[in-house]
Amino acid sequence: DGITGLIIVNPTTGAQRHLVPGQFNHVVTNSRGEIFALEGAEVNRIDPSTGARSRVVYDGITLSYGRSIDQAPGGMLYVMTNDRLARVDPATGAIAVIASGLLTESFAVMDDQTGYIQLQDAGVSPVSHTYRIDLVTRAMTRIENVGFNAPRGLVRDAAGNLLVGHGHVLDRIDP
């Protein structure tokens, strides 16, 4: 949580263990048990057994106002800030801007080449539109009939569907 830090919860028993203090904006973990946490402009690698954290060092681009982080199956991290989407190699720290100048709501990586991004309508309407974004070419394609009022997050499920929460509703989108 935003005050206590990172808490590990056993989904079977509900047992909780405080892992590391901090004010993390967003956290992602993968099937290998690695944990990456976004704290302001920093990406931290957190050891799940000891709680030790190390900063992923990168040069050249500031990730100020980091909002969310996700990881592609190949290992690359994607960080969404208020106005850009950046790819970070956690091994080398190499960073590249995928898209910028965006009024973003949320983002989810589907695989090593495809992501989905929620962009807020630039007009008066609070409706956000979902776009498929090619992470290699950076081309974006709007997905029609999938506008949500004030979405709170995108995430992929195990079957490859896209889940989006808005209001008191959770919708599933077949990509």
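Here is how the numbers come out for the structure above:
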quantity: Lone qualifier among ARG32, ARG67 - being modelled with pLDDT under 85 and under 18 Å from LEU135 (Cβ atoms); calculated: ARG67
quantity: Number of positions in region 53-81 that are over 14 Å from ILE95 (Cα atoms) and either free of Cβ contacts under 8 Å to residues at least 12 places away in the same chain or β-branched (Val, Ile, Thr) (or both); calculated: 1
quantity: Residue among VAL97, VAL169 that alone is open to solvent by 50 Å² or more (accessible area, probe 1.4 Å), among the aliphatic types (A, V, I, L, M), over 22 Å from ARG32 (Cβ atoms) and modelled with pLDDT of 80 or more; calculated: VAL169
quantity: Any hit, region 106-114, residues being of a type in the set (S, T, N, Q), surrounded by fewer than 13 Cβ atoms within 10 Å (Cβ to Cβ) and touching a strand residue (DSSP E or B) at 6+ places or on another chain (Cβ under 9 Å); calculated: no
quantity: Wholly within region 1-48, strands (runs of 3 or more DSSP E) carrying at least 2 residues that are free of Cβ contacts under 8 Å to residues at least 12 places away in the same chain and not small (Gly, Ala, Ser); calculated: 16-20
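The values are calculated or read from the model by the stated rules, or taken from the named source; none is laboratory data. All values reported here derive from a predicted model rather than from experimental measurement. A quick note on method: Cβ atoms are made from the backbone with ideal geometry, for glycine too, and the neighbour counts reach across all protein chains shown. In case anyone asks, the SASA skips ligands and DNA or RNA and just uses the protein heavy atoms, side chains included. Shrake-Rupley method; radii C 1.70, N 1.55, O 1.52, S 1.80 Å.
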